[in-house]
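Below is one structure, written out as C-alpha cells; comments come after it.
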Ligand code: PHE
C-alpha cells in the first residue's frame, strides 16, 4: 500500500516538473484532488475493501498524501503564476524616455484672445457679461435705440432683414435695451457677440464681432467713460497709449464720441499705421441718450450712463498687424497658428 502511495507521489512530481503553465497545473491538480473524480479521492474509496484493523493506518497515509498534494500544488501554482507575471510585465514594458509622437495642438482664435482680454480688463473694473440674441427684433436693434423706422441713421448700418420685424442684429447695442429693460441701475455690463451688416471690403466683413459696454448709475459722466477707456487702451495697446474723444453722432448717445488711441506703433509721431495722424480710431461711444433711458423705464433725471461699442476684429487687426479682415475668417492654420499663447 505504502508503495502505491509513494509511486503516486512520484508520478505527481514528475508530471508537475514537465508543466510550465498554471492552467495545465490546475488540470493536473484536478486529476488528483477533485472531490469526485480525483485519484487521491478514489484511494479513500478503496477503504471499503480493507479490514477494520487496516483502515486507520491506511486512512492516515492517504490523508498525509492529500495534505502533501494540497501544499505541493499551492506552491507550484504560486511558482508558475509568479513566472507568468514576470513574463507579462517584461512584454508590456514601456520606455518612458522614448520621444512622444508629435501632436499639433490647437490655439485660440485671435478674436477669442481679444474678447477674453477685454472681458478680463473690464471684469477687473466690475463689469459682468451679458449675451443677447443674434436674430433681433427691429425694436431692440433700432427703435428703442432712438432710431425709428424712418430715421436716416438706419442707413449707417446696411441691415439683413429676416422679416419686416426681425433682423440679424447690426450692433451689440441691442443688448443695452435688453439689459436696461430688466435691470435697475447700477448697471455695468459688457456684451460681446457677432453682428451683421451688408458690407464687404478689406476692413469690413458681412459678419464681425463687437464688444459693447454699458454703465448706468447716478452721476455717471463722460470723464468716467474716458477713465475706463484709458485703462482699456493701456492694457491692450501699451502703457504709454493715450486716448482722445472726438465729437460724433449716434442716435442712442448724446453727446456721442469717436474714441482714438495715440498710435502705439510710432508713439504719435506719424507712420503708416496711423496714416501720419498720430491717432488711431478704435471705437464709438457716448452718454446714453435720455430717450433711450426713458424707453427702458429708467428716469433720466435720476440716472445717467455711458455706452461704448468696439469691433473686435478691428482691435485684433491693429494689435497683431493683420492687414485684411478676411484673414480672420479663412481658417488658414498658417495664419492662426501664429497666435498660440
Ligand atoms: N453701436 C455702434 C456701432 O456699431 C457703436 C456704439 C456703441 C456707439 C455704443 C455708441 C455707444 O457703430
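The values are calculated or read from the model by the stated rules, or taken from the named source; none is laboratory data. Predicted, not measured: the structure shown is a model, and the values here were computed from it. Positions of Cβ are generated from backbone atoms using ideal geometry, with glycine treated the same way; all protein chains shown enter the neighbour counts.
Would you confirm whether or not region 283-297 contains a residue that is more than 16 Å from the ligand (Cβ to nearest atom), touching a residue at least 12 places away in the same chain (Cβ under 8 Å), closer than 20 Å to residue 181 by Cβ and not in a helix (DSSP H, G or I)? Walk me through how you get there before you give the answer.
In the first step, residues of region 283-297 are kept if they are more than 16 Å from the ligand (Cβ to nearest atom); the result is 294, 297.
Okay, now just the ones that are also touching a residue at least 12 places away in the same chain (Cβ under 8 Å), so 297.
Those left that are additionally closer than 20 Å to residue 181 by Cβ: 297.
If we keep only those that are not in a helix (DSSP H, G or I) as well, we get 297.
Yes: region 283-297 contains one or more residues that are more than 16 Å from the ligand (Cβ to nearest atom), touching a residue at least 12 places away in the same chain (Cβ under 8 Å), closer than 20 Å to residue 181 by Cβ and not in a helix (DSSP H, G or I).
The single condition from (1) closer than 28 Å to residue 322 by Cβ; (2) out of contact with any helix residue (DSSP H, G or I) (no Cβ under 9 Å at 6 or more places or on another chain); (3) in contact (Cβ under 8 Å) with a residue 40 or more places away in the chain that residue 132 fails is (2). So residue 291 passes all but one of these: (1) surrounded by fewer than 19 Cβ atoms within 10 Å (Cβ to Cβ); (2) modelled with pLDDT under 95. Which condition number does it fail? In the conditions (1) surrounded by fewer than 19 Cβ atoms within 10 Å (Cβ to Cβ); (2) modelled with pLDDT under 95, residue 291 misses (2) alone.
Residues of region 18-47 that are assigned to a helix (DSSP H, G or I) and over 60 Å from the mean Cα position of the chain (by Cα): 31, 32, 33, 39, 40, 41, 42, 43, 44, 45, 46, 47. Considering only residues in region 144-160 that are without any contact (Cβ under 8 Å) to a residue 40 or more places away in the chain, under 17 Å from residue 253 (Cβ atoms) and away from the ligand (no atom under 13 Å from the Cβ), the one that is surrounded by the most Cβ atoms within 10 Å (Cβ to Cβ) turns out to be 148. Answer with yes or no whether residue 81 is more than 30 Å from residue 340 (Cβ to Cβ) and touching a residue at least 12 places away in the same chain (Cβ under 8 Å). Yes: the conditions hold for residue 81. Just wondering, is there one or more residues in region 260-267 that are in contact with a helix residue (DSSP H, G or I) (Cβ under 8 Å, 6 or more places away or on another chain), modelled with pLDDT of 95 or more, in the same structural domain as residue 191 (by TED's automatic domain parsing) and not in a strand (DSSP E or B)? Checked region 260-267: no residue is in contact with a helix residue (DSSP H, G or I) (Cβ under 8 Å, 6 or more places away or on another chain), modelled with pLDDT of 95 or more, in the same structural domain as residue 191 (by TED's automatic domain parsing) and not in a strand (DSSP E or B). Mind checking whether some residue in region 303-320 is away from the ligand (no atom under 16 Å from the Cβ) and exposed (fewer than 15 other Cβ atoms within 10 Å of the Cβ)? Checked region 303-320: no residue is away from the ligand (no atom under 16 Å from the Cβ) and exposed (fewer than 15 other Cβ atoms within 10 Å of the Cβ). Taking region 163-177 as the range and being more than 13 Å from the ligand (Cβ to nearest atom) and under 16 Å from residue 195 (Cα atoms) as the test, the residues that pass are 166, 167, 168. Within region 161-174, residues that are more than 16 Å from residue 145 (Cα to Cα) reach partners that are within 16 Å of the ligand (Cβ to nearest atom) with beta carbons closer than 7 Å, at six or more positions or on different chains, in the pairs 161/167; 162/168.
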